[in-house]
Amino acid sequence: DAMVIQNPRYQVTQFGKPVTLSCSQTLNHNVMYWYQQKSSQAPKLLFHYYDKDFNNEADTPDNFQSRRPNTSFCFLDIRSPGLGDAAMYLCATRGTLDVYTFGSGTRLTVV
Amino acid sequence: SQQGEEDPQALSIQEGENATMNCSYKTSINNLQWYRQNSGRGLVHLILIRSNEREKHSGRLRVTLDTSKKSSSLLITASRAADTASYFCATDAGNNNDMRFGAGTRLTVKP
């Protein structure tokens, strides 16, 4: 089945140690998104790609960066994770009918 | 950067009862979508309603949209214990803009 896959499901990283979360999609969608969701809160948009055109939210910390080497893959890099970056990170794609397809998320723990 | 607000924040009902969740938003939209999230999982698309539509049905789900009041409601009829989840509304301004989520309603359906 076409889908959005996030790896790993759970990631534990040390305070200040760079970490990369990955997302892949088989839907061939042009638009990909990264959302951060903290406990009991709404998903918060970090950035999105329209093809290779990168769009950063104004309030996304500089600590967060993203790469999209091709249509299928998108990465979220956290350069120096702090305790406040512990959250669920959700990747999504957007199809031609404007419906978003989400991955299962990566839960990041910072120790 | 959040767009919408939902109420109630939490809703607890008995199996078989109907559940109604409301969403209000601030800016003009192209469409509004409802998503469901089971604890610790990704979001699953439920239904999309476009700005020129007033009501839409999908199985036990009924969504209304009032663009003059900038509000939407999601009705789940004949609820089941398996409907227990968080429900989020999300607004899409179109033109390749991103989707913004409301704070969500935590629904508990007691067997």
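The values are calculated or read from the model by the stated rules, or taken from the named source; none is laboratory data. All values derive from a computational prediction rather than experimental measurement. Every residue, glycine among them, receives a Cβ derived from its backbone with ideal geometry; neighbour counts consider all protein chains shown. Accessible surface is based on the protein model in full, side chains and every heavy atom, while ligands, DNA and RNA are left aside. Shrake-Rupley method; radii C 1.70, N 1.55, O 1.52, S 1.80 Å.
Surface burial for A against B, with a 1.4 Å probe and both sides summed, reaches about 1800 Å² of accessible area.
Hull volume per residue, based on the alpha-carbon atoms of chain A and their convex hull, is 98 Å³. Net charge in the neighbourhood of residue A:109 (other residues with Cβ under 13 Å of its Cβ; Lys, Arg +1, Asp, Glu -1) is +3.
Averaged per residue, the protein assembly as shown has 47 square angstrom of accessible surface, using a 1.4 angstrom probe with ligands and nucleic acids left out. Remark on segment A:30-66: accessible area falls by at least 50 square angstrom from chain-alone to full-complex state for A:42, A:43, probe 1.4 angstrom. Positive contributions from Lys and Arg (+1) and negative ones from Asp and Glu (-1), summed over other residues with Cβ under 14 Å from the Cβ of residue A:53, come out at +2. The separation of segment B:29-87 from segment A:35-83, counted between C-alpha centres, amounts to 26 Å. When restricted to Cα atoms, the protein assembly as shown yields an Rg and a Dmax of 17.4, 49 Å, respectively. Summing Lys and Arg as +1 and Asp and Glu as -1 over all other residues whose Cβ lies under 13 Å from the Cβ of residue A:6 gives a net charge of +3. For segment B:23-83, with all protein chains in place and a probe radius of 1.4 Å, 46% of the accessible heavy-atom surface sits on carbon or sulfur. Interface burial in segment A:72-111, defined as at least 30 Å² less accessible area with all protein chains than with the chain alone at a 1.4 Å probe, covers A:94, A:98, A:99, A:100, A:102, A:104. Normalising by residue count, segment B:6-111 has a Cα convex hull of 92 Å³ per residue.
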